[in-house]
Every structure is written in C-alpha cells, then in structure tokens.
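Where a number appears in this text, it was derived from the coordinates with a stated rule and is not lab data. Note that the coordinates shown come from a computational prediction; the quantities given were computed from them, not determined experimentally. Because the Cβ atoms are built from the backbone with ideal geometry, glycine has one as well, and the counts that use them run over all protein chains shown.
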Amino acid sequence: MYQYNADDTAFLVERVDQFEKQLKRYLAGDLDALKFRSLRLRNGLYMELHAHMLRVAIPYGILNTEQLRALADVADKYDRGFGHFTTRQNIQYNWIELPEIANLLRDLSAVGLHAIQTSGKAMRNITADPFSGLTEDEVEDARPYCELVRRWFNIHPEFSWLPSKFKMAINGAKLDETALQIHDLGLKIVKNDAGELGFASYVGGGLGAAPMVGPEIHPFVPVEDILSYLESVLRIYNLKGRRDNLKRLRIKFLVREHGAAEFAKMVDEDWQHGKDDPELKLNMEELAKLKQDFALPVKPLDLGDFKDTLDINYSIWKTNNVRAHKIAGYSVVNISLTQLGTAPGDATSGQMRMIADLADKYSNSELRTTKRQNLVFPYVRKDQVHALWQDLDKSDLASPHHGTLAHVVACPGADYCDLAKAVSIPIAQQVQQRFDDMDKLYDIGPININISGCENSCGHHHIADIGLLGLKKNEQEFYQITLAGETLQETIIGRKLGRSIAGAEVVDAIEDIVNIYLENREEGENFVDAFKRIGIAPFKEKVYG
Amino acid sequence: MVEDSEIISVVNEQGKVIELLSVNEWVANVDSGVKSGKGVVVTPADDVGLLQESLHKIPLIALDFVSFDDGRGYSQATLIRKRWSYSGEIRGINAHLDQLQFMLRSGVNTYDLQEQYQGSNEHDYTHGFSICYQVAANNADMKEKF
Ligand code: HEM
Ligand code: SF4
C-alpha cells in the first residue's frame, strides 16, 4: 500500500507548525478574523454553531488499519468519541477545541493523515472511485494519477487563493462512481485510437443552487501533459473567474458565461505556452513507482470446490454487501455505517477500532470509504466472508440495509451546521422507521435517497433517485423533492417534483413516490429507467393529487 | 472595471524613488516612461498581457496584493517572471505576512507588508516550508519533490 515517505511527513509537520503559529496569533489578537478564516479553512477547520469542526482527508478513500486506529484515538482524545464519514472521502469531527487542533494534526501526521486543503478556496482533495483497482473492466487505476496531481497542487504558490474552492475527481472505470461531471473539473481516463492513455476533461460541473453538468472541454489530454493542462485551466480560472459576486464564484459560472467552446479556446491558448515545457511534463518514473505502490497486494487464489455456507440471513446480507473482485478467490465486502437510529456516516471510536481489528484479520489491513458513507473491505477471501459476517453481526455491523432505500445519505443539517435551513438526519431516521420491513425493502430494491439541509447540497440530493433539499418558509421546515438524478452511466440532475413539502408530510410523499414506482415498474427495471419511461406526471398526481 | 492602486511610488532595491504608472498609462507612454525611469503598478484586475511587448524596458513592476483572498497577483507574477522571463525587480505591495512564501515563489523578489505584526517572525512565513511539490518561478532553498 502507498505510504508517505520521510519528506512527505516532514512537510505535514511544517504545515502544522505554521498553522499553530497562525492560530496562536489569532487567539492573541495578532491576526484578524477574516484572514484567519481563510487560513483555517485551508487547514480543514470550520467554526460552527456549537463547536469547531475539523475535516480530515482520506485520500482516494483508502485507509490502512493503523490510520483508522489513529482516527479512533483522535475521536476519543479530542472529540466526543465519534467521527462522521462524509460523501467526499473525508472524516469530520464536530467537537474540537481550538487550542488542541495542532496536537490533533500532529498525531495524524504521524500516520500520514492531514487536513490540508480539505476546505477553503484552493484545490480540494481529489476523489477517486473507491473500487479503483478492484473492478474488472477498468481502463486504468486512477489513484496514481490522483496522487501526482494532488501533490502538484499541494500549497501551489500560484493557485492557492482561487475565487472559490476547486474540486476534482478522476475516474478510470467504465461506470462513474465518482460523479466526475458534478466536479469543478473531472478527468476520465481514456485510450485514443493508437491505444495511448490520456484524459477527457470536463469543467464547470457542480451542485448547489445552480446545478450544472460539466461539459467536455478537451477530448484527450495525453498523460504526460496533464499538469500543464491543469495549470492552464486553473490560471484562466484564477485570472478570469468572478470574484465580485459571491453567488458566482465557482468555475461553472465562468464556463457558462463564455460557453464551453470559448472556454476551451481560452484554456488552449494558455496551454500552448506550457505544453512543451519539460518541467511541466508528468514524471513518468514517479508514475511507474506509484503504480507499484498502489498495485493490489493479493494474488489469485485457488479455492478448489469451495461452497459458501447456506444461511438465510447471511444470504440476504450478501446480496447487497458483497461484490465481485477482479482477483480470483477474493470478494469486496461492504460494511454499512448507517445503523438504524444513528446519523448516517457516524462511527464511534469503538466501532472504528473493531473494524480495524477485522480488517487486519480479513482484509490485508486495508479499507476504503465510499460516497454512500460506508466502509469497504477490499481483499476478503471468498472462504472467509461468512466468518467476517458472523463477526460483524456480533457487533451490530451486519446491517442488511446497504443498497436499500433505508440506507439514506444525509448531510449534518440543522443539528450541526449553522448554514442549514432544515434538519437532515431526523428525516433520514423517519424514512428508516417507515420502511423497516426487510422483505419490503428487498422488494423495492436499490433506491437512493439523499438529503441536504440547504442549497449547498452537501448531501448530493441532485443526483439521487429521490433527493430532498431543506428550505425554510415562514420559520417552518420544507423540502424540495427531486427525482431520478444519476451519475453512473450518464450525469443527470434530478427533476423537481413540484412545490416543496412540509417536514411533517415529507415521509408520506416519499412513500407515495415509492408506491408509484412499484405499481409501474417492469420486471427488473430500476427507478431511473422507470422514471424515464413513465415521466414525472404519475408521481406528481399521487403526491399533490 | 480596473481600480487604480493607491500606491504611487516605491523605493527600489537600490534606494531610489520610483514613480509608478498604471498599466494603461505605461502602455500609452512607453517611451517617455522609459526616459523618466518610471515603473508600473499592477492591480489584480489588470491584464498583464498588455505589458508583454515593452516588458523588458520597465525598471520595476509593483504588484498590488491589496486583498488577502484575491490571488490574481500570483498568476500575474508567474507570467511576468517565469513565462516572459522578466529580470527586473518585482515588488509585492500591500503584501501579507501569511502569504510571503507563495508570493516569493511566484516570482516577486521584494515586498512591502500591508500590516506589521508584533509577535511574529517573518522568516517563519518566507521559509515556513522547506519541501515543495511543484515547479515555480523561484524554488530557491527548497527541496523539490516532483
Ligand atoms: C457542518 C458542516 C458543513 C458546512 C458548514 C458545509 C458547507 C458547505 C458549503 C458552504 C458548500 C457550498 C460551497 C459552494 O458551492 O461554493 C458546501 C458544498 C459541499 N459540501 Fe459541505 N458543509 C458541511 C458538511 C459537509 C458534509 C458532512 C459533507 C459530506 C457528507 C459535505 C459535502 C459537500 C459537498 C460534496 C459539497 C459540494 C456540492 C457541490 O458540488 O456544489 N459537506 N458545503
Ligand atoms: S448542505 Fe447545507 S446544511 Fe447540509 S451540511 Fe451543507 S451547508 Fe450544512
């Protein structure tokens, strides 16, 4: 598994040392609040309603068990014993004391973890498919490329004070688990006719109040030219992005203002100057080294005529929690952190340690996090899946809800976030209470429900089968419902159902929507396909009729 | 709209007072500007491309970092120093302590701070990082890792 070397760790410590000095100056009144805000955000620190939130990066969603234990220790030592796994390969702590931050970050740097650029107006942590390297028909494992790009934009002197945040994803698989077209910049790894690798680039996607699917800006950037290309995109954004209108800061507004073709031309003109600069070529030796570091640690396994245990509960859990692995003899196993009655993505320090022990025992001491706020064991031997299930079951972690509608994705909402217009987590819990029959849930199948407590869209409601957006009207909480958003095959923003619905009635509306789907679906048809066939009218009629 | 900088002159490295013209003033009066030894002050909204043709005749370029979060000056400095190989003095005016290393790496070589702070050591912010992960106009004293 890839790990930071001595230089990388020294860099993390330098970063913490500097931030600690800035924090001390702020507390002593020797750094004004506005500048400190900009500085603390780029170190992952939010100052929230009740306390301070720290967002720690989990690059590409990969964790080793030593890191997971360190995250558990941080939860105990500096927080209230739990952490919140987010949809974007981060973990957040909600109850951090300011003077403790530097010590916390130092503890994390010892295991190669950090909070650098997890927030603020700079290049954020880059997301990759959590199943990178494990999927059969992948074009290429995206992670070595992500890592080279991440390093390049780590405290980049030219691009650290952008008009707004800048989020990137790189996908190397056929299906798009990263939702790259809702990122400021998404790269898809592709092969050209000559069989050479490169990137198709999509710029200007994003959710929020003005959701936009990022258009293709370049069909093929050769691998070795990717850094100069990205520099050109960022330079155009840095120099020409809106800074005057707070609602127009993201790059999507620049792309929209000029149109995709004109924007592509602007980037291309700048790129002509950097393309052939030998200093800006990707370091192919380093890439080869990273490919080795990220290579899968397991070899194909001959399990003879192994037959898995037959057990009804085990089989139910297996349906939605175990995926095929590229390497013979192995499975990918999902561990659902969404327990009924708890906040989605929350894990206690005890659970983290327990999961770390299990990953040592069953998964080569490695795990991954996903955008549905789960943990994944990437290397479980097929003949050990049953034993793992039994261990998970003992600890209440074999929830069979993953992949069903009861597995709701929700942002922190009004319970933790001072930007919220409405609660998220309690609605998720009400949905789980309403749909508590396992047979029914399996009959309904894999419908995604995502909830955001305000237009910032942290819960990714636009790209869910059923999306809920919290609003406030006359001091009352309402929810705008959107239907049939998707990203896997193509990227589509969910369609608005109609006027927003009061909090007390929103779970009824969800039930209505599910029922329309059940009444109308054809054999094996998923929600998005049924929606495409029957349109929005029957849903509208049932909910508002 | 481009707003003019409030700063109209600086004292250069050699201790000489250099009066500053705006980008538009300079471009309209290159010859007289050169003759009278005037420099140019660049605000964040200025298009530095306008200076390219007469760049090497300018004795000093002052980049105004007037607002902490407005990072256009870093791209302007990179273009002037790295892409167009300007070898004269680039002065960061209204510079910010916490951004000094970013600014110096982008090609600024002298600076005037907007605000002084009592309890802090400038060196911590000009040399806070000893390791860097990317090419820049000036990576002096840093271990390059790319
Ligand atoms: C309580 C703490 C949080 C605060 C204050 C917060 C704040 C924000 C703000 C202000 C934005 C919009 C920025 C913009 O569009 O310019 C945003 C976007 C976003 N947040 Fe959060 N957030 C919080 C928690 C979370 C959590 C827990 C997650 C993941 C579960 C998350 C994921 C995201 C994502 C994915 C976006 C981008 C949406 C897009 O593409 O436009 N945030 N957040
Ligand atoms: S969507 Fe809004 S309420 Fe939810 S976490 Fe983001 S900013 Fe807070």
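The value given for the stretch A:53-101 is a Kirkwood hydrodynamic radius of 11.0 Å, derived from the mean inverse Cα-Cα separation. Once you reduce the stretch A:171-219 and the stretch A:234-259 to the center of their Cα atoms, the two points are 19 Å from each other. Between B:SER87 and B:VAL17, the FRET efficiency from the beta-carbon distance, with R0 = 30 Å, is close to 0.90. Given +1 at the Cβ of Lys and Arg, -1 at the Cβ of Asp and Glu and no other charges, the dipole of chain B around its Cα centre is 680 debye to the nearest 20.
Shown here for the stretch A:110-194: trypsin sites (Lys or Arg not before Pro) in loop regions (DSSP other than H, G, I, E, B) with at most 15 other Cβ atoms within 10 Å, namely A:LYS174. Simple point charges give the picture: +1 on the Cβ of Lys and Arg, -1 on the Cβ of Asp and Glu, and for the protein assembly as shown a dipole about the Cα centre of about 540 debye. Of the DSSP H helices in chain A, those that are both long (alpha-carbon extent of 20 Å or more along the helix axis) and hydrophobic (Kyte-Doolittle mean at least -1.0) are A:6-27, A:226-240, A:260-274, A:506-520.
Under the definition of partner shielding as Cβ atoms of other protein chains within 10 Å of a residue Cβ, what is the mean value for peptide B:104-111?
On the way: counts 1, 4, 5, 2, 1, 0, 0, 0.
Other-chain Cβ atoms within 10 Å of each residue's Cβ, averaged: 2.
Loop-only GluC sites (Glu not before Pro) in the stretch A:390-499, please: DSSP not H, G, I, E or B, and at most 13 other Cβ atoms within 10 Å. Before the final figure, lay out the partial values.
Working: sites: A:GLU455, A:GLU475, A:GLU477, A:GLU486, A:GLU490; in loops: A:GLU455, A:GLU475, A:GLU490.
Those satisfying the criteria are A:GLU475, A:GLU490.
Less than 5 angstrom separates the built amide H of B:LEU60 from those of B:VAL40, all sequence-distant by 5 or more or on a different chain. The smallest convex shape that holds all Cα atoms of chain A, its convex hull, gives 163 Å³ per residue. Estimate the FRET efficiency between A:ARG533 and A:GLN430 by the formula 1/(1 + (r/R0)^6), using the beta-carbon distance for r and 41 Å for R0, to the nearest 0.05. Calculated transfer efficiency: 0.90.
Full extension of the chain between A:ALA210 and A:GLU285 yields a length gain of 22.9 nm, computed as 0.36 nm times the residue separation minus the alpha carbon distance. Give the distance, in whole Å, between the Cα centre of the stretch B:1-65 and the Cα centre of the stretch A:34-84. Between the Cα centres of the stretch B:1-65 and the stretch A:34-84 lies a distance of 45 Å. Counted by Cβ distance under 15 Å from B:LYS57, the other residues give a net charge of -2, where Lys and Arg count +1 and Asp and Glu count -1.
For peptide A:147-157, the mean count of partner chain Cβ atoms within 10 Å of a residue's Cβ comes to 5.
With the cut-off at under 13 Å, measuring from each backbone N in the stretch A:157-200 to a point 7 Å along the Cα-to-Cβ line of A:ASP277 picks out A:157-159.
Put simply, the Cα atoms of the stretch A:6-109 extend 40, 36, 24 Å along their principal axes, the longest span coming first.
A:ALA200 sits among other residues whose Cβ lies under 10 Å from its own Cβ, and their net charge, with Lys and Arg +1 and Asp and Glu -1, is 0.
Once the C-beta distance of A:GLU525 and A:ASP302 is scaled by a Förster radius of 60 Å, the resulting FRET efficiency is 0.95 to the nearest 0.05. Over the stretch A:135-236, the reciprocal of the mean inverse Cα-Cα separation, the Kirkwood hydrodynamic radius, stands at 14.1 Å.
Work out the mean other chain Cβ neighbour count within 10 Å for the residues of B:72-79 and drop it here as an integer.
Details: counts 9, 3, 10, 11, 3, 2, 6, 5.
Other-chain Cβ atoms within 10 Å of each residue's Cβ, averaged: 6.
Label separation (A:LEU27 vs A:ASP437): 5.6 nm, computed from points 7 Å beyond Cα along the C-beta direction.
For the stretch A:446-545, run through the trypsin sites (Lys or Arg not before Pro) and keep only the ones in DSSP coil with at most 14 other Cβ atoms within 10 Å of their Cβ. Before the final figure, lay out each step's value.
Values: sites: A:LYS472, A:LYS473, A:ARG495, A:LYS496, A:ARG499, A:ARG521, A:LYS532, A:ARG533, A:LYS540, A:LYS542; in loops: A:ARG499, A:ARG521.
Sparse-neighbourhood loop trypsin sites (Lys or Arg not before Pro): A:ARG499.
Less than 5 angstrom separates the built amide H of B:SER22 from those of B:VAL41, all sequence-distant by 5 or more or on a different chain. Using a cut-off of 11 Å between beta-carbons, work out the net charge of the residues near A:THR309 (Lys and Arg +1, Asp and Glu -1, A:THR309 not included). Residues close to A:THR309 contribute a combined charge of -1.
Given A:TRP317, A:HIS50, A:GLY274, which one lies farthest toward the positive end of the charge dipole of the protein assembly as shown, if we put +1 on the Cβ of every Lys and Arg and -1 on the Cβ of every Asp and Glu? Projecting each Cα onto the dipole axis, the largest value belongs to A:HIS50. Spin-label pair A:ASP137-B:ASN139: with each label point 7 Å from Cα along the Cα-Cβ axis, the two points sit 4.1 nm from one another. Taken over the Cα atoms of the stretch A:312-394, the convex hull encloses 100 Å³ per residue. The overall shape of the stretch B:1-111, judged from the alpha-carbon gyration tensor, is rounded, with an a/c ratio under 1.5. Here the Gaussian network model covers chain B, with springs between Cα atoms less than 10 Å apart; of B:VAL135, B:VAL27, B:VAL48, B:VAL135 fluctuates the most. A cysteine counts as unpartnered when no other cysteine's C-beta lies under 4.7 Å of its own; in chain A this applies to A:CYS146, A:CYS417, A:CYS454.
Rounded to the nearest 20, the size of the Cβ-charge dipole of the stretch A:135-287 about its Cα centre is 1120 debye, with Lys and Arg at +1 and Asp and Glu at -1.
Put a dot 7 Å past the Cα of A:LYS540, heading toward its Cβ, do the same for A:TYR4, and the two dots end up 5.3 nm apart.
Which number do you get for Rg(Cα) / (2.2 N^0.38 Å) in the stretch A:233-322? The partial results should precede the final answer.
Numbers: Rg = 25.2 Å, N = 90, 2.2 N^0.38 = 12.2 Å.
Cα-based Rg divided by the globular estimate yields 2.07.
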